[in-house]
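Trainee: Take a look at the following structure, please.
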Amino acid sequence: MDQIIIVGHVDNSSSAPLNPYQGQIDHSADHDRNEHDAGPQNHQPNSEDIGGSSVFFPTTEIKTVHITATSHATVTFDPNADHLVTQSLLTAFNSIINSVTNVTRVNVSATTNGHAVDSNHGVGDAVDINVVNGVHIGTSGEGLALATALENAAKADPNVRFVEGPIGNFVRANPGDAWKPSGDLGPSQFTHVHFDVFPKH
Ligand SMILES: [Zn+2]
């Protein structure tokens, strides 16, 4: 799994520091470097899958708000990641981040950027988080501990529909329903935590 942990920094042509908080790093190519969702080309549905990230749920809600600092944590963005999202997503984001008491800094790698207009990201209902408290989400150590806390917090929010990350991918059909396992999404799920909310009808 070691090669997966470093996949977000596999481009060694740059002399930029590895820690995103130590300087300005061009993350414009992150979509190719698995910094957020790789997309359905890696999706391998299992028998219980009822619609993970590869299934688009249109919403009647309009994108009206930006993600900003929560009451517990400051929020930063990868370049070109700070875009309008739905109030439903912002409400879930604030609740989830604030429910993990040791989270003080969150970096967002994707809102609508890097995703199709007709996708859960595109309509503003999804977010990708790649760095927490200055630690990159990963499959071991603090990066895994933070991912575990975030994924569990997202699963505890009744309005979250789908959760993706290092400890697994989980989906449900209706708000508050029991979670079901969702299919493997390839290397990208080990470098960030994704969650999206139920659409408005
Ligand atoms: Zn995502």
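We did not get these values from a lab; they are worked out from the coordinates using the rules stated. Keep in mind it's a predicted model, so treat the numbers as computed, not measured. Backbone-built Cβ (ideal geometry, glycine too); neighbour counts: all protein chains shown.
Trainee: Where the eigenvalues come from the Cα gyration tensor of the stretch 45-197, what are the semi-axes √(5λ) of the equivalent ellipsoid, largest first, in whole Å? Could you put the intermediate results ahead of the total?
Mentor: Working: eigenvalues 83, 70, 42 Å².
Over the Cα atoms of the stretch 45-197, the ellipsoid semi-axes are 20, 19, 14 Å.
Trainee: How do Asp78, Asp184 rank when sorted from fewest to most other Cβ atoms within 10 Å of their own Cβ? Present the calculation step by step, with values, prior to reporting the outcome.
Mentor: Numbers: Asp78 24, Asp184 15.
Ordered by Cβ neighbours within 10 Å, fewest first: Asp184, Asp78.
Trainee: If I take every Cα pair under 8 Å that is 6 or more residues apart in the stretch 56-194, average their sequence separation and divide by the length, what percent do I get for the relative contact order?
Mentor: On the way: 284 pairs, mean separation 27.9, N = 139.
Answer for the stretch 56-194 is 20 percent.
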